[in-house]
Amino acid sequence: MTCTLTYFGHSGFQISDEHVSIAVDPFLTGNPSATIKPSEVKCSHVALTHGHEDHVGDTLEIAKANDAVLIANYELVTHFAGQGIEKSEPGNHGGRIKIDGGNWVAFTQAFHSSSYEGQYMGMPAGLVLHVGGRTIYHCGDTDLFSDMALIGETYKPDIALIPIGDRFTMGPELASRAADLIGAPRVVPIHYNTWPPIEVDVSKFRPSTASVEIMSAGDCITL
């Protein structure tokens, strides 16, 4: 089995195997780094880490166009049910949602905030996605926290997607510490250089042992 990660830019990915294709935090409209339009995304599921506009993005359009299942916390699922998304799998921290092909998505904690259009949208989360026999830890938007070591120990991710943009999340130095705690052999920096407030020097993201893979929108990684 194989798993393919395609980068949307900012914090968004499409994660796929032969059974499922999950659009994670699909922020395309208004994303200056995006190379595709929402109408070009074909997926079976949409998964959200939290409610901020640069993560929710084009969830409504993409989910409706694909008759996709929304995976998110209870507050986000409830909100979008009222907007016409008919299929959903609500969850929350510590929980795991089984999807097609023996795949699953689990929720982890993240230290951040979460709202959408002025409405509270529950606790922010990280997502652990097991797709095609591989495990991906998308940290969401978060600060450094010591339980990242426990997340790494529990799920043993093959790759971690770690925010490094500072101001709203960890900067490169704290993100390097996070990568060391998680212990994944491969890491991808995300949530940086999209706009001036989160411009950072990516070369300062230097985990002790993990291989850093810099992705541009449209790039793919096969696990």
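Can T78 be described as assigned to a loop (DSSP other than H, G, I, E, B), in contact with a Pro (Cβ under 8 Å, 6 or more places away or on another chain) and closer than 22 Å to Q119 by Cα? Answer is no for this residue.
For the condition farther than 24 Å from M215 by Cα and either without any contact (Cβ under 8 Å) to a residue 60 or more places away in the chain or in contact with a strand residue (DSSP E or B) (Cβ under 9 Å, 6 or more places away or on another chain) (or both), what is the one hit in E61, E40? Can you show your working first?
On the way: E40 fails: farther than 24 Å from M215 by Cα.
E61 is the lone residue from the list that is farther than 24 Å from M215 by Cα and either without any contact (Cβ under 8 Å) to a residue 60 or more places away in the chain or in contact with a strand residue (DSSP E or B) (Cβ under 9 Å, 6 or more places away or on another chain) (or both).
Take the stretch 9-18 and flag every residue that is touching a residue at least 40 places away in the same chain (Cβ under 8 Å), at negative phi and under 11 Å from the mean Cα position of the chain (by Cα).
Within the stretch 9-18, S11, G12, F13, I15 meet the criteria.
Return the residue satisfying two criteria in turn: it lies in the stretch 81-118 and is assigned to a strand (DSSP E or B) and free of Cβ contacts under 8 Å to residues at least 12 places away in the same chain, and of such residues it is farthest from the chain's Cα centre (by Cα). Break it down stepwise before answering.
Quick first cut of the stretch 81-118, residues assigned to a strand (DSSP E or B) only: 88-91, 96-98, 104-109, 115-116.
Then keep just the ones that are free of Cβ contacts under 8 Å to residues at least 12 places away in the same chain; that gives 96, 98.
Details: R96: 15, K98: 17 Å.
Once the filter is applied, the top-ranked residue is K98.
Inclusion of P157 among residues that are in contact (Cβ under 8 Å) with a residue 24 or more places away in the chain, surrounded by 21 or more Cβ atoms within 10 Å (Cβ to Cβ) and under 16 Å from F8 (Cα atoms) is not warranted.
Against the numbered list (1) within 13 Å of the chain's Cα centre (by Cα); (2) buried (at least 23 other Cβ atoms within 10 Å of the Cβ), T6 comes up short only at (2).
The numbers here are math on the coordinates, done by the rules we state, and not lab data. Because the structure is a prediction, the values reported are computed rather than measured. Cβ: placed from backbone, ideal geometry, glycine included. Neighbour counts: every protein chain shown.
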